[in-house]
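What follows draws every value from the coordinates through simple rules; no lab data is involved. No experiment lies behind these values; they were computed from the predicted model shown. Cβ atoms come from the backbone with ideal geometry, glycine included; neighbour counts cover every protein chain shown.
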Amino acid sequence: MKLLLASSFLHPRGGDTTLLLAEWAGWRARGVEVLPFAMRHPDNLAAPTEARFPSWHAPRESRSLGAKLLALAQSTWNREAARALDGLLRDTRPTAAHLHHLHRHLTSSILPILKAHGLRVAWTIHDYELSCPTGLRYRDGAPCDDCRAGHYAAAIVGRCKDGRLLPSAAVALEHAFHRYIDIQRYVDVFVAPSRAVAEALRDDGIARVVHLPNLLPTGGIVSRPAADVVFAGRLTEEKGIYELLGLARALPGATVHVYGDGPLATALLSAGLANLQVFGSRPTEEVRGALAAAKLAIVPSRWPENQPYAVLEAQAAGAVVVASRVGGIPEMIDDGVDGVLVPPGEVDALVAAVSRLLGDEERRARMAAAAKARIARERDAEGWFAAMRTILGGG
């Protein structure tokens, strides 16, 4: 099997690239020739095919109105990406393609090219991008299903993308166009890491969906300062940053360390809390070290997460996880056995759960052992690659 691995990004940025990069390394270790295809971003890792990547574009980075409109058009259908991929496939002739993030960058323009070259195509869905223009199914502080069944005008009315009209209209147009051309016909299998996302896809009319939990990456650990509580993730409202801030205020005797960056970093830094430290975006090895040294990890998300690596990495590192009962998270935690689930958006419930666990070392040790046993039982790399090889038609 010669595999095309396509994603808009080829550098660490979130759960989608965590899986992508772990997969790339795993296939190479198993003797599979991998051909990465991504946008030509300055942060990309080195790749043997990088000379064939299409140029980077981002509407929010464009200054003039003309440049913004051009970038928005490219965000719906990227002709340059389609041409670049066509040339790469003619020269390399892979047999299968595994897609990750396409929206607004590579775009669905590459799908007809893949099918024209006869590749078997699998697409791992990392959030709700096929049915929700922002991918989050979240608006105004709560989960949202207003755009289901193609009602994408709701995203414009709600200013769902960055709270602005033009970006919201652009993502709504993109999704309407996808539905118009029926992008399903270009994909052989849609892969959902969580059963929650698999169900959401099927409910929205997506066929040929299989459930395959995320691959847990391996790697080193760099020692970091110990903390009572660690949060690792993007600093945005839907990730529960206000709940994180409420926790730090309610438990001034507990040290809270935050790893990640995002628009709410300023809110945390300006809070003036002596027990709260924000370390920003750090290499994966450092985040793993922070989790390994922590008593607890919290994942207080408000949006219906898919299968967050914030939970997986913490469980593997031995930190007990307190997380929201939302989306695919309950599939990853047996409440009271290998972690604790709390209602999303309820600071008091989060504070109570964290406070109880910090005061019960024996219970934390039992839960950490149970979580590690769960990881060993459910996250077998050989099983993941065998399943993915079957999905890709590689035997």
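With θ set to phi - 60°, apply the Karplus curve 6.51 cos²θ - 1.76 cosθ + 1.60 along segment 18-34 and write out the HN-Hα couplings as whole Hz, x wherever there is a Gly or Pro.
Here the 3J(HN,Hα) series is 4, 5, 4, 6, 5, 5, 4, 5, x, 5, 4, 5, 9, x, 8, 6, 10 Hz.
Considering only DSSP beta bridges where both residues belong to the chain, give the percentage that are antiparallel (nearest 5).
5 percent
Between Leu312, Leu21, Leu273, where does the largest GNM mean-square fluctuation fall for the chain, given springs only between Cα atoms within less than 10 Å?
Comparing Leu312, Leu21, Leu273 in the GNM, the peak value goes to Leu273.
Between Lys372 and Thr92, how high is the FRET efficiency from 1/(1 + (r/R0)^6) when r is the Cβ-Cβ distance and R₀ = 51 Å? Nearest 0.05.
Between Lys372 and Thr92 the formula returns 0.80.
Please check: in the Gaussian network model of the chain (C-alpha springs, under 10 Å), which one of Ala29, Ala265, Ala250 has the largest mean-square fluctuation.
Looking only at Ala29, Ala265, Ala250, the largest GNM fluctuation is found for Ala29.
For Phe177 paired with Arg325, estimate the spin-label separation in nm (one decimal), with each label point 7 Å from Cα along the Cα-to-Cβ line.
It works out to 4.2 nm between the two label points.
Between Ser223 and Gln277, what's the calculated FRET efficiency when r is the beta-carbon distance and R0 is 22 Å? Round to 0.05.
Efficiency computed from Cβ-Cβ geometry: 0.90.
Starting from the Cα of Lys239, draw a straight line to each of the lysines and keep only those under 25 Å, dropping any in the same chain fewer than 8 residues away.
Of all the lysines, those that pass the test against Lys239 - Cα under 25 Å, at least 8 places apart if same chain - are Lys161, Lys295, Lys372.
Helix-derived [θ] at 222 nm for the chain: sum -39500 (n - 2.57) over DSSP H runs of at least 4, divide by residue count, nearest 500?
After summing the helix terms and dividing by the residues of the chain, the value is -12000 deg cm²/dmol.
Please compute the modelled spin-label separation between Arg40 and Arg164, points set 7 Å along Cα→Cβ, answer in nm with one decimal.
2.5 nm
Run the numbers for His11 and Trp77: contour at 0.36 nm per residue of separation, minus the present Cα-Cα distance, in nm. Could the numbers behind the result be given before it?
Working: separation 66, 0.36 × 66 = 23.76 nm, distance 2.25 nm.
Computed gain between His11 and Trp77 is 21.5 nm.
Arrange the following residues from fewest to most other Cβ atoms within 10 Å of their Cβ: Cys160, Cys144.
Values: Cys160 25, Cys144 21.
By the 10 Å Cβ count, ascending, the order reads Cys144, Cys160.
With springs only between Cα atoms under 10 Å apart, run a GNM on the chain and tell me which of Gly87, Gly260, Gly289 wobbles the most.
Gly87
What area, in nm² and to one decimal, does the C-alpha convex hull of segment 229-378 cast on average over all directions?
Taking a quarter of the hull surface, the average projection is 7.6 nm².
For segment 1-48 and segment 94-108, compute the distance between their C-alpha centroids and round to whole Å.
Measuring centre to centre over Cα atoms gives 11 Å.
Could you sort the peptides 340-346, 126-132, 372-378 by per-residue average Cβ neighbour count (10 Å cutoff), highest mean leading?
Going by the mean number of other Cβ atoms within 10 Å, highest first, we get 126-132, 340-346, 372-378.
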